[in-house]
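Encoded as structure tokens, the structure appears first; notes follow it.
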2 protein chains.
Amino acid sequence: MSKYAIAIHGGAGTILKSKMTPQKEEQYKSALMEALTIGETILKNGGNSIDAVEMAVRSLEDCHLFNAGKGSVFNSKGGHEMDASIMEGKLRNAGAVATVTGIKNPISLARKVMEKSEHVFLVGEGVEEFAKLHGLEKVDSNYFYDEFRYQQWQKIKDSDNFQLDHSDDKKEQKFGTVGAVALDQHGNVAAATSTGGMTNKKFGRIGDSSVIGAGTYADNRTCAISCTGSGEFFIRGVVAYDVSCLMEYKNMSLSDAAHEVIHHRLMEIQGDGGLIGIDAKGNVTLPFNTEGMYRGFAKSNGEKVVEIYGYSD
Amino acid sequence: MSKYAIAIHGGAGTILKSKMTPQKEEQYKSALMEALTIGETILKNGGNSIDAVEMAVRSLEDCHLFNAGKGSVFNSKGGHEMDASIMEGKLRNAGAVATVTGIKNPISLARKVMEKSEHVFLVGEGVEEFAKLHGLEKVDSNYFYDEFRYQQWQKIKDSDNFQLDHSDDKKEQKFGTVGAVALDQHGNVAAATSTGGMTNKKFGRIGDSSVIGAGTYADNRTCAISCTGSGEFFIRGVVAYDVSCLMEYKNMSLSDAAHEVIHHRLMEIQGDGGLIGIDAKGNVTLPFNTEGMYRGFAKSNGEKVVEIYGYSD
């Protein structure tokens, strides 16, 4: 059997052990493990990396704990606007959607854009028309309702503030995004990223999650990357593609390239967050420059780990 | 006096001399010259590159000949949706807007996003709210009306086709975008790009013009780039940042890096179009892999050229 591997994330940020109950920690870990197993099973059975990342991200989108799909935060109008993107590393095809409302799985919509349209990037009302045409599963606003998210929004809704997921103050930020990267037995890599944005966000703000090159990138010759962090800085740093360029143009290893980008280049412009990366040899890296990152990986050699805090690459 | 330089483009594509009248050619050249002179004057007087690129692009947006601002093509609903982005090379700040309607100068809106918001990328209705708050000049739909553009749309509006600017058939495409890059006497580079998209475009499609890294990028350490071409391929190729990476990571010159990206890397994924680039030494490059590109540059040594067809770098 050829090598395969998958890595996932559920967002990075100031995740303090002191604020976490053992029960809640268990919930996060078990949700990560479930998504990981879904992707791993596809890869083990000889399936494609693009299916593995889509299905792993769908699982995270369907879980209320993460800021994506069902768990999306409230925007300034009390609604839920989601962004997602996906890319495959063989032909470097990509699909991306932003400010999507009422769709259960934005990552599957991004994949439809990649496969069923001549376009890469669709936004706003137009993308809903496209979703309807392609029979994407719709949900009403009750589906996204969550007492915790609602209270987050209530606290700041009459202000000009917006906030990252889980943060009650600026020192305690979490970048709510989910993502997956995978290598399949055919040697193809793929990456997928999905987010519910920022609580009380206004003006149709888009972060890096739907921007190919910034939040998501895949190329069989180098790597597949999915990011989570302060989206504006990840866009300005073109973070996902930067890792690929360091590998291709400077012959760096995946882990050295990812380390350089997250711990040096991103810090130069004061960006924080992390990323998950995989290369065509099945190496995996999960660096972050924050307190923690919900993350995990599984490899064909049997290694399978989920983590929240601790050491970053 | 320190060196300064500016380059502009008004789109690339199959611009055939046989289809052009001397009169029309003169109109294009004089519009390019006007935009160039506006930017050049700012730079000559010691102004900033960010002002030079914004004002040069505004001049092109205000001209009905180019597919941006006033000259924007009709979308599938008979409206005009515009995208734009801007970036400065000193701190690498950026602003981008997409699917903007009713605003006279999308490039100035992108600059407001860069300077007056904590965000980089705003889209759809939200960005109009932001524009109102910041007093951007509004125009009604009559402002965008143009008989030639309207007839372009009428021909295909009841079909599923969308088309690039000026193309009556697939062999005769023009990528309607405008852009500018500049180096000022303070050693700072900047880039700006603006477009009216594709005739009969649907589903809130965004091309590369509003995507930082793809259509626009600026970094004093390397270069400032503005692209024009088949937007989907420029997004997948992360074209603007790729030129910067080849310079930074492989020590290539601006012109070698831009040539490599436009004539090799972009062709690998079947993308066509061109770009304009400038570096901190005042070198300028204007490569394209199409028949022509509306383009021009002016340097502090007195060189000043506008061209439509002919040899590409």
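The condition (being within 30 Å of residue A:219 (Cα to Cα) and among the charged types (D, E, K, R)) is satisfied by just one residue among A:147, A:88, A:125: A:88. Of all residues in the stretch A:71-90, none satisfies being away from every other protein chain (no Cβ under 14 Å), in a helix (DSSP H, G or I) and open to solvent by 10 Å² or more (accessible area, probe 1.4 Å). Filtering the stretch A:71-90 to residues that are more than 20 Å from residue A:51 (Cα to Cα) and in contact (Cβ under 8 Å) with a residue 12 or more places away in the chain leaves A:71, A:72, A:73, A:74, A:75, A:76, A:78, A:79, A:80, A:81, A:82.
Close Cβ contacts (under 7 Å, 6 or more residues apart or on different chains) running from residues in the stretch A:286-304 that are among the charged types (D, E, K, R) to residues that are part of a loop (DSSP other than H, G, I, E, B) comprise A:291/A:14; A:291/A:15; A:291/A:16; A:291/A:309; A:295/A:286; A:299/A:282. Output the residue which, of all residues in the stretch A:91-107 that are open to solvent by less than 10 Å² (accessible area, probe 1.4 Å) and out of contact with any strand residue (DSSP E or B) (no Cβ under 6 Å at 6 or more places or on another chain), is farthest from residue A:187 (Cα to Cα). Ranking the qualifying residues of the stretch A:91-107, first place goes to A:103. Say whether the condition of being facing chain A (nearest Cβ under 10 Å) and at positive phi is met by at least one residue in the stretch B:217-236. No: the stretch B:217-236 contains no residue that is facing chain A (nearest Cβ under 10 Å) and at positive phi.
Restricted to the stretch B:92-114, and to residues there that are assigned to a loop (DSSP other than H, G, I, E, B) and farther than 20 Å from residue B:63 by Cα, the residue that is nearest to the other protein chains (Cβ to nearest Cβ) is B:92. Quick check on the stretch B:251-266. Is at least one of its residues without any contact (Cβ under 8 Å) to a residue 40 or more places away in the chain, small (Gly, Ala, Ser) and open to solvent by 10 Å² or more (accessible area, probe 1.4 Å)? Yes: the stretch B:251-266 contains one or more residues that are without any contact (Cβ under 8 Å) to a residue 40 or more places away in the chain, small (Gly, Ala, Ser) and open to solvent by 10 Å² or more (accessible area, probe 1.4 Å).
Looking only at residues in the stretch B:127-136 that are open to solvent by less than 10 Å² (accessible area, probe 1.4 Å) and either of a type in the set (Asp, Glu) or farther than 13 Å from residue B:81 by Cα (or both), which one is farthest from the other protein chains (Cβ to nearest Cβ)? Top of the filtered list is B:131. Among the residues making up the stretch B:237-248, a single one is among the charged types (D, E, K, R) and facing chain A (nearest Cβ under 8 Å): B:242. For the residues A:60, A:65, the requirement of being closer than 22 Å to residue A:199 by Cα, open to solvent by less than 10 Å² (accessible area, probe 1.4 Å) and outside any strand (DSSP E or B) singles out A:60.
Evaluating residue A:139 against the criteria (1) open to solvent by less than 40 Å² (accessible area, probe 1.4 Å); (2) within 13 Å of chain B (Cβ to nearest Cβ); (3) of a type in the set (A, V, I, L, M); (4) more than 18 Å from the chain's Cα centre (by Cα) leaves one unmet condition, (2). Kindly establish whether residue A:51 is assigned to a strand (DSSP E or B) and either open to solvent by 10 Å² or more (accessible area, probe 1.4 Å) or in contact (Cβ under 8 Å) with a residue 40 or more places away in the chain (or both). Considered against the rule, which asks whether it is assigned to a strand (DSSP E or B) and either open to solvent by 10 Å² or more (accessible area, probe 1.4 Å) or in contact (Cβ under 8 Å) with a residue 40 or more places away in the chain (or both), residue A:51 comes out as no. Taking the stretch A:267-285 as the range and being closer than 23 Å to residue A:15 by Cα, away from every other protein chain (no Cβ under 14 Å), open to solvent by less than 20 Å² (accessible area, probe 1.4 Å) and of a type in the set (A, V, I, L, M) as the test, the residues that pass are A:275, A:276. The set of residues in the stretch B:176-211 that are of a type in the set (Asp, Glu) and within 13 Å of chain A (Cβ to nearest Cβ) contains only B:208. Every test in (1) under 27 Å from residue A:205 (Cβ atoms); (2) touching a Ser or Thr at 6+ places or on another chain (Cβ under 8 Å) is passed by residue A:43 save one, and that test is (1).
The set of residues in the stretch A:286-313 being touching a Pro at 6+ places or on another chain (Cβ under 9 Å), open to solvent by 40 Å² or more (accessible area, probe 1.4 Å) and of a type outside the set (Asp, Glu) is empty. Taking residue A:1, is it out of contact with any strand residue (DSSP E or B) (no Cβ under 9 Å at 6 or more places or on another chain), in contact (Cβ under 8 Å) with a residue 60 or more places away in the chain, open to solvent by 20 Å² or more (accessible area, probe 1.4 Å) and among the aliphatic types (A, V, I, L, M)? Yes; evaluated as a whole, the condition is true for this residue.
Would you confirm, using the coordinates I've provided, whether residue A:129 is acidic (Asp, Glu), out of contact with any strand residue (DSSP E or B) (no Cβ under 6 Å at 6 or more places or on another chain), closer than 29 Å to residue A:214 by Cα and free of Cβ contacts under 8 Å to residues at least 24 places away in the same chain?
Taking the combined requirement at face value, the residue satisfies it.
Would you mind stating whether residue B:7 is at pLDDT 95 or above and under 25 Å from residue B:158 (Cα atoms)? Criteria not met by residue B:7. For the stretch A:198-210, state whether one or more residues are surrounded by fewer than 24 Cβ atoms within 10 Å (Cβ to Cβ) and at pLDDT 90 or above. No, the stretch A:198-210 contains no residue that is surrounded by fewer than 24 Cβ atoms within 10 Å (Cβ to Cβ) and at pLDDT 90 or above.
Only one of the numbered conditions (1) farther than 22 Å from residue A:67 by Cα; (2) within 9 Å of chain B (Cβ to nearest Cβ); (3) in contact (Cβ under 8 Å) with a residue 40 or more places away in the chain is not met by residue A:117, and that is (3).
If you go through the stretch B:13-30 and pick out every residue that is touching a residue at least 24 places away in the same chain (Cβ under 8 Å), among the polar types (S, T, N, Q) and assigned to a loop (DSSP other than H, G, I, E, B), you end up with 1.
Candidates are the residues of the stretch A:10-24 that are farther than 24 Å from residue A:48 by Cα and modelled with pLDDT of 80 or more; the one that is surrounded by the most Cβ atoms within 10 Å (Cβ to Cβ) is A:12.
Among the residues here, residue A:72 qualifies as touching a His at 6+ places or on another chain (Cβ under 6 Å) and modelled with pLDDT under 95. Is at least one residue of the stretch B:257-268 under 17 Å from the mean Cα position of the chain (by Cα), under 24 Å from residue A:236 (Cβ atoms) and at pLDDT below 95? No, the stretch B:257-268 contains no residue that is under 17 Å from the mean Cα position of the chain (by Cα), under 24 Å from residue A:236 (Cβ atoms) and at pLDDT below 95.
The values are calculated or read from the model by the stated rules, or taken from the named source; none is laboratory data. Small disclaimer: the values here were computed from a predicted structure and weren't measured. Note that we place each Cβ from the backbone using ideal geometry, even for glycine, and neighbour counts take in every protein chain shown. Only protein heavy atoms, including side chains, enter the accessible area calculation; ligands, DNA and RNA are left aside. Shrake-Rupley method; radii C 1.70, N 1.55, O 1.52, S 1.80 Å.
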